[in-house]
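Just below is one structure, and these are the notes that go with it.
FYI, it's all coordinate maths here, none of it is from the lab. Just so it is clear, the structure is predicted and the values come from calculations on it, not from any experiment. Neighbour counts are summed over all protein chains in view; Cβ atoms, including those assigned to glycine, are modelled from backbone coordinates with ideal geometry.
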Amino acid sequence: MIKNIAVLTSGGDAPGMNAAIRSVVRCGISMGWNTFGVRNGFKGLINGQFEALGTRDVGGILQTGGTMLGSARCEEFKTLEGRELAMRNLYQKGVDALVVIGGNGSQTGAHELSKLGFPVVGVASTIDNDLVGSDITIGVDTALNIALEAIDRLKVTASSHQRAFIVEVMGRNCGYLALMAGLAGGAEAITLPEIKTDPEGIAAKLRQSYDHGKYHALIVAAEGAEYNAEALTEFFNEHKERLGFSVRSTTLGHVQRGGSPGASDRILASKLGKGAVDAIAREEFGVLVGLKNNTVSTTPYEEITGKTKELDKELFELARILD
Ligand code: ATP
């Protein structure tokens, strides 16, 4: 029978993680369980950084970005010794089940822990949206809106100065965020890790638009693309004379992460937090809780770890038609 659960956030922070913590804690308490927070992700598990969390302890965090529990990348957890130490601490604290809120790497770590026999449930949270097992993950929508706001602003200045702008968005090796930002922002070109980029083709396209009287352009580059902002800027600058125009580049970087979560992420995080508590109550462990076909669902870790969600190539084609 479940008495005590613990929750942690791991990997890159994502807007909405706090809403997920709040949901896990309050839904857990509503089941009559004691709830603990673990500081700094897997590092805190190894160091035994547990704290009891009551209903009021998670008050006032729903609207804040980041994570109240802190997050960390922890190399030690990748070793068996590290994970065994973590498990010993969990048993010592009397924790019956652990909720891991995080992205691909974090869920791989959670899977490793569950393979040792500890009851774990994951909650899909990363701005990269690269997790198989959830159509959308906590943080994506807010990060996308932040990127979009920057793109809209840069478009204004690009058209005032007759320039081409390159905006680099995050997403690691997954082009989802860049593709959606490019599609929603009306970018002239998008570079992605999943699709080969021909920089000459982009240049020719900009040139053609210029000849037709369009004196500004915006390119969205994914950080993981071969032609990210740096590589594309270098290409344009190298061939400046021949191409006939110069570019400016902006890397949004961590600005994308820190914002206050929007309504979608708050609601998604609240639902998935409850989904994790429900899975624990059913004693369904070693699974990731995500949203599939608009329904809170669980997927066994075996089916998701080591995989990356595929890009929707049709949306890339659509962006090409619309630009
Ligand atoms: P995001 O992609 O949103 O930044 P993430 O969860 O993918 O988040 P990672 O840095 O990839 O972030 O992973 C977070 C942590 O998960 C790592 O620092 C490590 O502690 C743990 N982890 C990752 N891979 C493994 C693994 N194979 N075995 C054990 N632990 C792992």
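Points to keep in mind about this one:
- Using the Cβ-Cβ distance between THR295 and THR55 with R0 set to 35 Å, the FRET efficiency works out to roughly 0.80.
- Mean residue ellipticity (222 nm) of the chain, computed from DSSP H runs ≥ 4 via -39,500 (n - 2.57), nearest 500: -13000 deg cm²/dmol
- Sorted by Cβ neighbour density within 10 Å, fewest at the top, the residues SER10, SER159, SER106: SER159, SER106, SER10
- Over the chain, relative contact order from alpha-carbon pairs under 8 Å, at least 6 apart, %: 23 percent
- Ranked by how many other beta carbons lie within 10 Å on average, peptides 262-270, 16-24, 91-99, 187-195 from highest: 16-24, 187-195, 262-270, 91-99
- Segment 250-323: GluC sites (Glu not before Pro) in DSSP loop, at most 15 other beta carbons within 10 Å: GLU283, GLU284, GLU310
- The chain: angle of helix 229-238 to the longest principal axis, Cα-based, in degrees nearest 10: 20 degrees
- For segment 33-174, the spread of Cα positions along the three principal axes, ordered from largest to smallest, is 64, 35, 26 Å.
- Rounded to two decimals, the Cα-based Rg/Rh of the chain, with Kirkwood Rh, is 1.06.
- Mean separation of Cα contacts under 8 Å (6+ apart) over length of segment 142-257, as relative contact order %: 38 percent
- For LYS313 and ARG88, the FRET efficiency from 1/(1 + (r/R0)^6), where r spans their Cβ atoms and R0 equals 30 Å, is about 0.05.
- Put simply, the C-alpha atoms of segment 142-257 give a gyration tensor, and the ellipsoid matching it has half-axes of 21, 16, 11 Å, longest first.
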